[in-house]
Structures are given as C-alpha cells and as structure tokens.
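See structure below.
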Amino acid sequence: MAGACAGGREIGVTQLHREGLIIVSTMETTDSERRDFLYIATGAAGVGFAGISVWPFIDQMNPDASVLALSSVEVDIGPIEEGQSITIKWRGNPVIIRHRTPKEIEDAKAVPVADLPDPAARNANVADSADAADANRVVDGNEKYLVMLGVCTHLGCVPIGDAGDFGGWFCPCHGSHYDTAGRIRLGPAPENLPVPPFSYLSDTKIRIG
Amino acid sequence: MSGHSSYEFSNPVVKWLDSRLPIVTMVKAQAMDFPTPKNLNYWWTFGGILATMLVIQLITGIVLVMHYTPHVDMAFDSVEHIRRDVNYGNIIQKLHANGASFFFIAVYIHMFRGLYYGSYKAPREVLWMIGVAIFLAMMATGFMGYVLPWGQMSFWGAKVITNLFSAIPFFGEAIVTWLWGGFSVDNATLQRFFSLHYLLPFVLCALVFLHVWALHVSGNGNPVGVEVKSGQDTVSFHPYYTMKDLFAILVFLLFLFGFVFFSPDYLGHPINYVEANPLVTPAHIVPEWYYLPFYAILRSIPDKLLGVVAMFASILILFILPWLDTSKVRSATYRPRYRQLFWILVVVCLGLGVCGAQPAEGGWVIASRILTAWYFLHFLVFLPLLGLFETPKPLPSSISESVLAKQAAKSTAAAQPAE
C-alpha cells in the first residue's frame, strides 16, 4: 500500500482496485497527513492500553483482602506484671506490650525532647505534629503501658527487651539502642519504634488496629 | 570474526535442514571453528565453568520443585522431606545449595579476570555491561532462593534485605509493603519469591545468550591484550578450548562435589535449621558469604539511605568502568602500577568480606569504612588518573610474537643448566 503511493502521487481508486490494492483517499486531505495521524493515533492507543494493562499485574502484589482483614486484635493486658513485657503478633509483626516500672517512666520523662535523634512521637493515636515526649508515646495518659511495634526502624529486626545502653531495647542486627519509651537514642535506626493505633476497651483490655 | 562457514554438508538430511534453518552452520562456525586466541590461560576457562554451573542449578532446581512446597506452614518441612525421604534428595538439595556458592566463586574469579586483563575495554564494553547485568540477576536469584527453605536466616535475611528499600524517600514504605504483599515477610512473600526464583534463571539464560553473542562479535580478549592480527594468532575453539574448558570444569566440580559429599553445611548457617519465627530475630544475622563485601559497605555508612545507595553504587559503578579506566593498554601484565592497584583491590574486597561477617561494632566498623573508601577511590579516582600518568611496558606486536618470545625464554632457561 505504501509503495503504491510513493512520492505522494494521486492514483485513481479504480486503478488501485484493479491492482488488488485498497486505499481510502479524498481529494481534500493528502494520504501522508491522513496516515501520519492514523499511525500516531494507533501507536498512542497501543502504548496507552499496554500501560494501563500493566497496573493489575503490579497491584496484585499489594496486600490482599485476607491480609487486610487480619488488621485488628484484642489483648488482655491485666496479667502483665510490673516490669514484664509480652509480645503478640499483629499483621504478621511483633507488638511489644510493656508494663513499665515507675523508674522506667521517670527515666523516659527525664530526657529533654531536644536531645532525641527523632523528635516526633511516631504514635498513631496522637497528632502527627506531636513531639516525642513520654506522654505522647502512650495512650489516654496511661503511662504504665507502652505498646509499640517490635520492628526496628532500621531494617526490620526485632529488638531485644531489657537491653541496650538506655535500659530499653537493643536491636541485635545493627546495634540500635532504644530507651524505656521505645525512642531511638543511638545507632543507625532513623525513627522511634512506632506505636500502632490502639484503644483501651477497659482498664485491662486493649484492641490493636 | 564470525564469518559464514562455507562448509558443504555431505549428509542429505543435514543439508536439507541447514538450507532451511542454518543451525548446523551456526554451531560449526560459532562453537567449533570459532577462531580463538591461542594464548588463553586457565583464567579464561571460568566462562565455561559458569555455563556448567548454570545448567547444574537449573537441573537440580527443577527437580527440587517436584518435591518442594512454597507455603509458610510447609516449606521448612518439605525441604527436610527432600533431605531425608526423597531418593537422592539429600545430594540434589546439597548440590543446589552448594552450587549457588560455587556459582559465585566462579563468577568472582571471572570478574577479577576481566579486571586484571582489561576485558571491559573497547570494543568489549557491551559484553562487560551484560556481564554486570548477569551478576545482578545472579544476586537476586541467589537471595530469593535462600529464602525458600524458610529457616530463621532465610526469614530474617529476607526481612532485612527487603527493608533496604524502605530507605527510598517518600515511597519507601509503600514499596516494601508491595514487595511483601503484607505488613511483614509472610506467605505472600514466600510464594512470590518462589515464582521469581524460578523465573530469573531463564532471564539469566537469555542474558548469557546475549553475553556470548557479544563475545562472538568482538572475539575473545587474551592475556597479552593485543587484538588478533592474523590466523596465526588463533586456534579453532574445538577441540583446543572445548577440551581445555572441560578439564577445568572437571577440576572445579571436584571441589564442588568435595563440599557436597563431605562438608555440605560448611558454607551455610546452623541457625537456618531452625524454622522461621517472625517474633524472634537471631542474635547475629549475616547474609551468605557471597554478599558479605556489599553488606560491609552497607553497614559502614551510619546513614540508612546513604548506606543503601553506597551498596548499590558499589555494583553499578562496574557499568561505567569501561569509561573510568582511561588507559589504552588492556592487560595488567604491561601496566606495572595498575597491577599493584589490582591486587590491593582484591585484598580490599576480601577484607570487606571479613568485615561483613563480623558484628558492626568497634574496629570492624572503622576497618570497613577505610576499605569502602578505598573501593570507591580505586574506581573513581585512581583508575581515571592512572591512565594519564602510568608508563606501560612495551607491548608485543602480536599474540604469536609474545608466545614465541615466551618459548624462546623457556628454551634458553632450559638450555643453560646443560652447559
């Protein structure tokens, strides 16, 4: 077809039909303009549809409905003695719940926020702008219980409790030290351990998620 | 170099096939008659060794999948089942696991061969860059394969390495969640790693095909670094190099099977015989030995994002190596200063490997910082400057001349004691 029109020569439709070639042509638009438009339109449509069709294959890797459905868990925190921690699994990750001693709370409160490597609260239950003061690391002013993800903010290892230079947690993988409020104090981790969204159902029961 | 063979086939069936698909001509020209420099030493046999390792990994891997179950509840047990119950399963599984290590031993020797003899220089830049892509694909394949037995080190290795992507500004967390298919490494992660671990070796095969194609356009380099000038400089690939490669492959396999039969767990970690537990991180986690130098670079930098950037940069820098090395002389044999730098680089890489295996504290951090700095200085400062200041030794005019000069030196040395 392209060969029949080489040089932009207008050839009679009957003649092309006789030669077994089909061509659509009008007197107002020359073939080359018409074809440029069709080529670009077809090419653009092809690229567009190919681009759109990629999305489902990318998005299928995101968390599915069954994973999202497991996003809430209730825990009875009554039996946790002072100075004791428990670890429960929430969304596949460990959540550390600690019944802090008065000394631990005092230690955490004694640190000026300005001295902290990460001055943000990282608490899903307070405003994003809240600072990392100890009061903003707990919920409903209940200072006894510290609830946070046991996932080091460096590369995701589980920090060990009652360890490290600040009497809190220590990550064995790359040596990050967290204090008694779960705030990063030393090491490569960039952020405080995050406090997940949770609420007190009663004095001794919480729902995480 | 890859000229068409004018061979006429006497067998009518071969002739019929070849006139329709010239595959016989191609094999004859590219794999048998292919003119190859006659002075290649044993460092040049590692290409053939690597091809053999790829085939071994493919065969053992496909067989293992007949018995393996990619599910968090069954993966660990199914690997134990392969080791204990499946006929020859113990050997096949150990061959696959140790095969990965030996694949990397071979690829590191192959890469340092390229560095020593300047194999990345014109006209072989694309050949070299495809090789770096192969190395990256190998690392991804090895990493995902190590996750599949679902032991403690599998799990925590996967978690730490995927978390590297969380260092990316703004999108980091979303990317990691997407990679995991959840909020932690879990069943979705295991299943996609299994799928990709099965896919990537075929991508590797395609890359290896391109690598060999590029090799057959430029022809082999050689230890002297002078291009082939006449037919006198070459011999046919078959039988001279098919047999030399085969001998080297057999010696290499002796070492591999030595490990498989007598010390199958030496290169692994005992903690990986404990099933994955998402709530407890082992006290000391390290990647497989072949990632240790890069792991040391990651940990040497105190900033999370910069550490990740440095680690990837240490590999990606190899892509631009052909343009960083300004010297026109290929072989380190004729570059006295570069030869010293090369051996220092070898020691630096081994040193980084040692640092990567140690806990990130005290002197080990300082050592890995110094070594990391040297690694980047080598490629970014020393190599570009050296080409401008170094005086290379005089090059022989041809491969044949250098071979004859060597033989002459040998015969005079042999003749002297007789006098």
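Please treat every number below as a calculation from the coordinates, not as lab data. None of these values were measured; they are calculated from a predicted model. No Cβ is skipped: glycine too gets one built from the backbone with ideal geometry, and neighbour counts run over all protein chains shown.
Select from B:PRO37, B:PRO270, B:PRO223 the residue whose mean-square fluctuation is largest in a Gaussian network model of chain B (Cα-Cα springs shorter than 10 Å). Fluctuation is largest for B:PRO270.
For region A:77-173, rounded, prolate or oblate, judged on the Cα gyration tensor with a ≥ b ≥ c (square roots of eigenvalues), a/c < 1.5 rounded, else prolate if a/b > b/c? Because its axes are fairly even, with a/c under 1.5, region A:77-173 counts as rounded. Remark: region B:323-335, residue by residue, has Karplus-estimated 3J(HN,Hα) of 9, 7, 7, 8, 6, 7, 7, 7, 6, 5, 4, 9, 10 Hz, where x stands for each Gly or Pro and the curve is 6.51 cos²θ - 1.76 cosθ + 1.60 at θ = phi - 60°. Tell me, rounded to the nearest percent, the portion of alpha carbon pairs in chain B spaced more than 43 Å apart. So the portion of pairs separated by more than 43 Å is 21 percent.
Between region B:232-294 and region A:96-167, what is the C-alpha centre distance in whole Å? Centre-to-centre distance over Cα atoms comes out at 45 Å.
Under a Gaussian network description of chain B, with springs only between Cα atoms under 10 Å, the residue in B:ALA313, B:ALA296, B:ALA158 that fluctuates furthest is B:ALA313.
Which of rounded, prolate or oblate describes region B:227-319 when judged by the alpha-carbon gyration tensor and an a/c cut-off of 1.5? Before the final figure, lay out each step's value.
Working: a/c = 5.10, a/b = 1.56, b/c = 3.27.
It comes out oblate by the Cα gyration axes.
For chain B, return all DSSP H helices satisfying: extent of Cα atoms along own axis at least 20 Å; mean Kyte-Doolittle hydropathy at least -0.5. The qualifying helices are B:46-65, B:89-116, B:125-147, B:187-218, B:237-262, B:336-357, B:363-377, B:399-415. Label-to-label distance, B:ARG339 versus B:TRP16, with points set 7 angstrom from Cα along the beta-carbon direction: 5.9 nm.
Take the Kirkwood radius over Cα pairs of region B:286-388, plug it into Stokes-Einstein at 4 °C and 1.567 mPa s, and you get 91 µm²/s for translational diffusion. Convex hull volume of the C-alpha atoms in the protein assembly as shown, normalised per residue: 284 Å³. Projecting the Cα atoms of A:PRO56, A:ALA110, A:THR42 onto the charge dipole of chain A (Cβ charges, centred on the Cα centre) puts A:THR42 farthest toward the positive pole.
With springs only between Cα atoms under 10 Å apart, run a GNM on chain B and tell me which of B:SER184, B:SER397, B:SER19 wobbles the most. Its mean-square fluctuation being the largest, the pick is B:SER19.
Using a simple charge model, +1 on the beta-carbon of Lys and Arg, -1 on the beta-carbon of Asp and Glu, nothing else, what dipole does the protein assembly as shown show about its Cα centre, in debye to the nearest 20?
About 2260 debye.
Of A:LYS205/B:LYS304; B:LYS94/B:LYS304; B:LYS28/B:LYS393; B:LYS38/B:LYS393, which ones are farther than 31 Å apart at the Cα?
A:LYS205/B:LYS304; B:LYS94/B:LYS304; B:LYS28/B:LYS393
Spin-label pair B:GLN30-A:PHE57: with each label point 7 Å from Cα along the Cα-Cβ axis, the two points sit 2.6 nm from one another.
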